[in-house]
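*Asks:* Provided herewith is a single structure, encoded as structure tokens, for subsequent inquiry.
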């Protein structure tokens, strides 16, 4: 019986992880953690019977405790609660599906307990890859990517040495505004940006996909996951989202992982690695696909991607600023307080204002995030 815990169980990745659990009868959920959606979390507790559950807000945690008082489950809250879930003694694999920097400390705590990490939290590696990867090696903790693109790269590299990799080809759908120019994006509304052509995702990541900032975050993640420079990661727009990413080797061979746009595949692969399991769902029909298209990303219009490369070339707090500025800007856009084109503008201004700290500690990373938030709050 494989034992897992999930940080962010009520979000998109968390709920799909639990779908994988439903389809397989040999996974036990030992602990769950969520933000404030206690209605769904209660349902999950009653179905999967974890020994522990964490809610970020203390008041909401008390509400949940009252709702599940008929069950044998320990309810905890705050950062201490997240860390308690992440270090649960019985758990083997921690699925980090929580959004934001809030996932950093629990992930570090889990690694220090020797837990394997099924990683879906981008911020962990974007801001602290220089800390996470050496720590995982020290504690013999496997970092198993859950993002479809990084999982595709990971799968394509199986049986090969890292030294044999020449280049990573990171695919992107291009989002709902592929092919548009800046002047066409001036009147984009929230509803427009939330219409992704291929994937069903959470609100923030859907906005990030439309600006291609999400792809920029993935470029920085790939740097740390696969031990390459960001300039060895080439973004390729593949509108059909059939090729999830590719690896070019030193002999010129290119390996690719293809599939339908279904996040349960990379989730299940991470949970059962190195084995594969039957997964229900649609299969690719190449007769129906007919052709695959490839394009170069437009880094002038979608210059958030270019800014990510600039941040990723440094092992510094600049990546934290890139991430934090985007997080705050997207929140302002979703609240209809700024325009769509102001998202990358805010990121750029925050990066220009920042004085980088190289090889930062966790405290310095969190301080850079705080300073970025304060800079934005005083101006927009």
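The values are calculated or read from the model by the stated rules, or taken from the named source; none is laboratory data. Remember, it's a predicted structure, so these values are computed and weren't measured experimentally. All Cβ positions, glycine included, derive from the backbone under ideal geometry; neighbour counts span all protein chains shown.
Yes/no per residue for (1) surrounded by 21 or more Cβ atoms within 10 Å (Cβ to Cβ); (2) at positive phi; (3) in contact with a strand residue (DSSP E or B) (Cβ under 8 Å, 6 or more places away or on another chain):
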| residue | (1), (2), (3) |
| --- | --- |
| 212 | yes, yes, yes |
| 237 | no, no, yes |
| 240 | no, no, no |
| 247 | yes, no, yes |
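*Asks:* Condition test on residue 164, is it at pLDDT 95 or above, out of contact with any strand residue (DSSP E or B) (no Cβ under 8 Å at 6 or more places or on another chain) and farther than 30 Å from residue 340 by Cβ?
*Replies:* Values: at pLDDT 95 or above: yes; out of contact with any strand residue (DSSP E or B) (no Cβ under 8 Å at 6 or more places or on another chain): no; farther than 30 Å from residue 340 by Cβ: yes.
The answer is no for residue 164.
*Asks:* Collect the residues in the range 16-36 that are out of contact with any strand residue (DSSP E or B) (no Cβ under 9 Å at 6 or more places or on another chain) and in contact (Cβ under 8 Å) with a residue 24 or more places away in the chain, keeping them in residue-number order.
*Replies:* Kept after step one, since they are out of contact with any strand residue (DSSP E or B) (no Cβ under 9 Å at 6 or more places or on another chain), are these residues of the range 16-36: 16, 19, 22-23, 25.
Within the range 16-36, 16, 19, 23 qualify.
*Asks:* Being assigned to a strand (DSSP E or B), surrounded by fewer than 20 Cβ atoms within 10 Å (Cβ to Cβ) and in contact with a helix residue (DSSP H, G or I) (Cβ under 8 Å, 6 or more places away or on another chain) is the filter here; which residues of the range 1-34 pass it?
*Replies:* 2, the sole residue that qualifies.
*Asks:* A further question follows. Out of (1) at positive phi; (2) free of Cβ contacts under 8 Å to residues at least 60 places away in the same chain, what's the single condition that is false for residue 227?
*Replies:* Tallying (1) at positive phi; (2) free of Cβ contacts under 8 Å to residues at least 60 places away in the same chain, residue 227 fails exactly one: (2).
*Asks:* Same structure, new question: Could you pull out every one of the helices (runs of 4 or more DSSP H) wholly within the range 314-378 that has 1 or more residues that are in contact with a strand residue (DSSP E or B) (Cβ under 8 Å, 6 or more places away or on another chain) and closer than 29 Å to residue 109 by Cα? Please lay out each step first, then the result.
*Replies:* Working: elements: 318-334, 342-353, 362-377.
Passing ranges: none, list empty.
*Asks:* Here is a follow-up. Could you tell me whether any residue of the range 202-210 is in contact with a helix residue (DSSP H, G or I) (Cβ under 7 Å, 6 or more places away or on another chain), farther than 23 Å from residue 306 by Cβ and surrounded by fewer than 22 Cβ atoms within 10 Å (Cβ to Cβ)?
*Replies:* yes
*Asks:* Moving on. Of all residues in the range 314-329, how many are under 19 Å from residue 175 (Cα atoms) and surrounded by fewer than 23 Cβ atoms within 10 Å (Cβ to Cβ)?
*Replies:* Going through the range 314-329 one residue at a time, the tally reaches 1.
*Asks:* Quick test of your reading of the structure: residue 170 fulfils all but one of (1) under 18 Å from the mean Cα position of the chain (by Cα); (2) modelled with pLDDT under 95; (3) within 15 Å of residue 212 (Cα to Cα). Name the failing condition by number.
*Replies:* (2)
*Asks:* From (1) over 17 Å from the mean Cα position of the chain (by Cα); (2) surrounded by fewer than 23 Cβ atoms within 10 Å (Cβ to Cβ); (3) assigned by TED's automatic domain parsing to the domain that holds residue 229, pick out the condition that doesn't hold for residue 139.
*Replies:* Here residue 139 meets the rest and fails (3).
*Asks:* Counting just the residues of the range 85-107 that are part of a helix (DSSP H, G or I) and surrounded by fewer than 20 Cβ atoms within 10 Å (Cβ to Cβ), which one comes out nearest to the chain's Cα centre (by Cα)?
*Replies:* Going residue by residue through the range 85-107, those that are part of a helix (DSSP H, G or I) are 85-86, 101-107.
Then keep just the ones that are surrounded by fewer than 20 Cβ atoms within 10 Å (Cβ to Cβ); that gives 102, 105.
Details: 102: 13, 105: 16 Å.
Checking each candidate, the answer is 102.
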